[in-house]
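Peer 1: Let me begin by handing over the structure; questions about it come next.
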Amino acid sequence: MTAPTHTVTNQAPPLVGHDVYRTDRALAEGVARHAAPERLAEIDGELSDLGRAAGSAQAQRWGEEANTYSPVLRTHDRYGNRIDEVDFHPSWHRLLGHAVTSGLTDAWSRPDGHLRRAAGFMVWTQAEAGHGCPVSMTHAAVPALRADPRLAAEWEPRLGAHVYDPRLVAPGQKPGALFGMGMTEKQGGSDVRANTTIARPLAEDGTYALTGHKWFCSAPMSDGFLVLAQVPADGGQRLTCFLVPRVLADGSRNAFAIQRLKDKLGNRSNASSEVEFAGTWARRVGEEGRGVATIIEMVAATRLDCALGSAALMRQAVAQAVHHAAYRSAFGGPLIDKPLMRNVLADLALESEAATTAVLRLAAAYDADTPRERALRRLAVAVTKFWVTKRCPAVAVEALECLGGNGYVEESGMPRIFRESPLNSVWEGSGNVQALDVLRVLGREPQAVDAFLAEVGLAHGADPRLDAAVKDLLTDLADLEGVETRARRVVERMALVFQGSLLVRFAPAPVADAFCASRLGRDWGATFGTLSASADLAALVERARPVAV
């Protein structure tokens, strides 16, 4: 019997059964902006199919289950044989399978491949973020493997295949494959040149036996891994990149001892591991001593994915907050109509749109792949990764608060977004690593600086606040003496100028004006919800609302 006092009212309905792609105006408009016109209808249809899947009750259930039932490590079988396998909940495989079959590891060989893949990655991440790790590593391994044309010819078709095959079998038996990566060691962290794993040459040219450990090895059930190890030579060591397969060509298991899985703050669905190599067979990728240079393009691609993932989390958080406020009433009316709540939602929406616009521009730079675009992304990827991933936790916690106590409850999904939100700032180089990388580029690669300033300069004269911010930035860049201490300030300014220039060129006037006034014109407080009263708050909130248009 239902108690008479238990009538449920004034609760927002679940945000379910919607098209995650089409209801994200900033994302859909960005795709239309950068895609070749003759392919737009095809790309738009693909992304809408994925968007409806991501917004379905089924995908939301998969995400909940994959995070509720974390991966389990099995080091041995019942007889005592070492097997080093990780068991995942079936929903993990459903999520990962849908990602692969939707082409989220296939960017490098398709027209507009990076744009459509980046937009799809943002859409499907909103179903569940953890399985994006092997998706990202697989996508990013391609440019590193191309350092060895023979390896690329063997592996690239498998990595880009729209086929998910989770079996641990010989690579030649698999139509599709996934990749992981292992660079970090206990004593070195981001300082990969401090790695102690040793690679000793075997009889066959280009093959080695590895001995050592990796403190973080991502996606340990993948088919292959790119790792760094030291090759002893001439009384010293040469840091070199290697491909380590999980299963050898004859079907036997490679020596790949998973010591334990990490017990992480978030990212609970994904297995991050510690592994030991003891006579582990590996093939060299690139030249000896060129390990960092070989793997750097993989790192650049995964860094962009970190920014994409954070932009997706921000969009998901903002969509949930705006949706809740549209249905929840308080103090005599809908929350979405309350001036202070509207300011908070508008400010969050602004942050989300700026992130989305920036990451799509960088994805398009991969598709264009001209010398100028390569130079632009060399600098702008590090700048954007630094800033967007830093903004994600702030957006997540403020959006959670918009739901009040409901947002603090696990069933709302907001705690999972919040736990995931710091991840991308740590992964693939923390904030300081990104800032130092930017400083290296500023000091050594003038063509990248020129490309960045040229991109920003395309908006010159469109907004005086942007022009003033660019002038301030140029003053910063003219004096690099002792710049490391103020590196974060410089990179932050670069990120805001980059975002502002793109919004001035491409976003609706209320968006561009509010961004320039707050982020560049300094008419902004220390928390979200401090936009000027002159901003068109209603337009900003309505633009972010996840409803069909």
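The values are calculated or read from the model by the stated rules, or taken from the named source; none is laboratory data. Keep in mind it's a predicted model, so treat the numbers as computed, not measured. Every residue, glycine among them, receives a Cβ derived from its backbone with ideal geometry; neighbour counts consider all protein chains shown. Areas reflect the complete protein model, heavy atoms only, side chains present, ligands, DNA and RNA absent. Shrake-Rupley method; radii C 1.70, N 1.55, O 1.52, S 1.80 Å.
Peer 1: Quick check on the stretch 272-291. Is at least one of its residues assigned to a helix (DSSP H, G or I), among the β-branched types (V, I, T) and buried (at least 23 other Cβ atoms within 10 Å of the Cβ)? Spell out how you get there, then give the answer.
Peer 2: Within the stretch 272-291, the first condition is being assigned to a helix (DSSP H, G or I), and the residues that meet it are 291.
Still in the list and also among the β-branched types (V, I, T): none.
So far as the stretch 272-291 goes, no, none of its residues is assigned to a helix (DSSP H, G or I), among the β-branched types (V, I, T) and buried (at least 23 other Cβ atoms within 10 Å of the Cβ).
Peer 1: Identify the single condition in (1) closer than 28 Å to A119 by Cβ; (2) in contact with a Cys (Cβ under 9 Å, 6 or more places away or on another chain); (3) open to solvent by less than 30 Å² (accessible area, probe 1.4 Å) that R315 does not satisfy, given that it satisfies every other one.
Peer 2: For R315, the exception is condition (2).
Peer 1: Separate question: Tell me which residues, restricted to the stretch 211-262, are surrounded by fewer than 17 Cβ atoms within 10 Å (Cβ to Cβ), in contact (Cβ under 8 Å) with a residue 12 or more places away in the chain and closer than 29 Å to P157 by Cβ.
Peer 2: Selection gives L248, A249, D250, G251, R253.
Peer 1: Further, regarding this structure: Scan A144, A129 and give me the residue that is open to solvent by less than 10 Å² (accessible area, probe 1.4 Å), farther than 20 Å from P175 by Cα and modelled with pLDDT of 95 or more.
Peer 2: On the way: A129 fails: open to solvent by less than 10 Å² (accessible area, probe 1.4 Å).
Step by step, each of A144, A129 is checked, and only A144 is open to solvent by less than 10 Å² (accessible area, probe 1.4 Å), farther than 20 Å from P175 by Cα and modelled with pLDDT of 95 or more.
Peer 1: Within the group V299, V359, V318, which residue is under 23 Å from W155 (Cβ atoms), in a helix (DSSP H, G or I), in contact (Cβ under 8 Å) with a residue 40 or more places away in the chain and hydrophobic (A, V, I, L, M, F, W, C)?
Peer 2: On the way: V359 fails: under 23 Å from W155 (Cβ atoms); V318 fails: under 23 Å from W155 (Cβ atoms).
Answer to the check: V299.
Peer 1: Does H18 fit the bill of being free of Cβ contacts under 8 Å to residues at least 24 places away in the same chain and open to solvent by less than 90 Å² (accessible area, probe 1.4 Å)?
Peer 2: Considered against the rule, which asks whether it is free of Cβ contacts under 8 Å to residues at least 24 places away in the same chain and open to solvent by less than 90 Å² (accessible area, probe 1.4 Å), H18 comes out as no.
Peer 1: Which ones in the stretch 72-106 are aliphatic (A, V, I, L, M) and open to solvent by 60 Å² or more (accessible area, probe 1.4 Å)?
Peer 2: V72
Peer 1: Please go through the stretch 517-529 and give me each residue that is in contact (Cβ under 8 Å) with a residue 12 or more places away in the chain, closer than 22 Å to L400 by Cβ and open to solvent by less than 50 Å² (accessible area, probe 1.4 Å), ordered by number.
Peer 2: Hits for the stretch 517-529 are S518, F528, G529.
Peer 1: Which numbered condition in (1) of a type in the set (D, E, K, R); (2) more than 26 Å from R94 (Cβ to Cβ); (3) in a loop (DSSP other than H, G, I, E, B) is the only one that D165 fails?
Peer 2: The single condition D165 does not satisfy is (2).
Peer 1: Working carefully through the options E64, E42, find the one that is out of contact with any Asp or Glu (no Cβ under 7 Å at 6 or more places or on another chain), within 20 Å of S310 (Cα to Cα) and open to solvent by 50 Å² or more (accessible area, probe 1.4 Å).
Peer 2: E64
Peer 1: Need the failing condition index for A203 against (1) open to solvent by 20 Å² or more (accessible area, probe 1.4 Å); (2) outside any loop (DSSP other than H, G, I, E, B); (3) over 30 Å from H93 (Cβ atoms); (4) modelled with pLDDT of 95 or more, just the number.
Peer 2: Single failed check for A203: (2).
Peer 1: Checking the structure you have, find out if any residue of the stretch 183-195 is within 23 Å of L73 (Cα to Cα), open to solvent by less than 20 Å² (accessible area, probe 1.4 Å), out of contact with any Leu (no Cβ under 6 Å at 6 or more places or on another chain) and modelled with pLDDT of 95 or more.
Peer 2: Looking for residues that are within 23 Å of L73 (Cα to Cα), open to solvent by less than 20 Å² (accessible area, probe 1.4 Å), out of contact with any Leu (no Cβ under 6 Å at 6 or more places or on another chain) and modelled with pLDDT of 95 or more, one finds none in the stretch 183-195, hence no.
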